[in-house]
1. With a cut-off of 8 Å between alpha carbons and a minimum separation of six or more residues, what is the relative contact order of segment 242-334 in percent?
2. What distance in nm lies between label points placed 7 Å from Cα along the C-beta direction at residue 131 and residue 268?
3. Given R₀ = 25 Å, FRET efficiency for residue 180-residue 250 by Cβ-Cβ distance, to 0.05?
4. Using Stokes-Einstein with the Kirkwood hydrodynamic radius over Cα pairs, what translational diffusion coefficient do you get for segment 25-139 at 25 °C and a viscosity of 0.890 mPa s, in µm²/s rounded to a whole number?
5. May I ask you to compute the full-extension gain from residue 64 to residue 328, defined as 0.36 nm times their residue separation minus their alpha-carbon distance, rounded to one decimal in nm?
């Protein structure tokens, strides 16, 4: 009689949480990730069926997001001055005599000097961050949206970021500007001072940001081009301020997510059980009943892990998966999460007898089979064991 081999689709009834595990925020070691513990209280998690891609789901409002908090300052009360002086980045500078500037408007209407070709000017704003935002452990992103030109940003006199290209190019007119706010620079009591040095093609013309108009006819400042639908906001699952893949991934947002599945298993004596993931994007870490099994860094290939020695036949088992789609890792939309099927496989234990071999060789073969690395798809060989007699 042939060996039993049974694949069961394992897609239904998973629990999901988007964002870093609160209990694991202080450590990056998988062995202390409490969201993967069998006893972890996951009753507040959302029920999902696989395949599942969280990058397609709407993000929470910016002011409620605890994983990707965004401070939007585009339409705040700015002060504007034409010209260029490095001392204007100083936080204690008296800018009360500067012009009041409203974000969204073409700055050329404020000063004839800003109609000059290759005009340069500075705008400044005082920021008081909400206490709720300051209490978060996640990084805070400062978002300017699309700038009509290019910008160097200073927070409390310290440079946050410089222009993406030198000299200024037409590409800079359609790229969103955003910066990570270092917590050591943030003031909790006094207002924080944001200063921007803006450069623009300038000129008195009426060109638009996405036109092919030649140099010298472009608007400047934090101009809202009417042909752009979004200048600085979060729409559904898209937010340019926190999308690390930017336009290449359609401004979608990755991050970290957790999946958990509670299940019973019935096995016959001598049977082995495996879990196979057809695709997880990406850097997945797998746990069974709180035990760290292993993982798979890649997002497009299948991988399989054995559960046999960690399963409980008379109790509920908990399979947990941590998925990390952080950073720039794709040139196109990849999605995030367990975006393909999962299978639970049960097989009879297979014995591979080697004739005409010495006990030493049989022992070496058995050791080799136990220490094979996890392959993208487990083969018959890795499911076999060497006979001991």
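No lab work stands behind these numbers, since they all come straight from the coordinates. Since the model is a prediction, treat every value here as computed from it, not as a measurement. Quick reminder, even Gly has a Cβ in these numbers, built from the backbone with ideal geometry, and neighbours come from all protein chains shown.
1. Details: 184 pairs, mean separation 39.8, N = 93.
Computed value for segment 242-334: 43 percent relative contact order.
2. Result for the modelled spin labels: 6.5 nm.
3. Working: r = 22 Å, r/R0 = 0.86.
That gives a FRET efficiency of 0.70.
4. Details: Rh = 19.2 Å.
The Stokes-Einstein estimate is 128 µm²/s.
5. 92.6 nm is the gain from fully extending residue 64 to residue 328.
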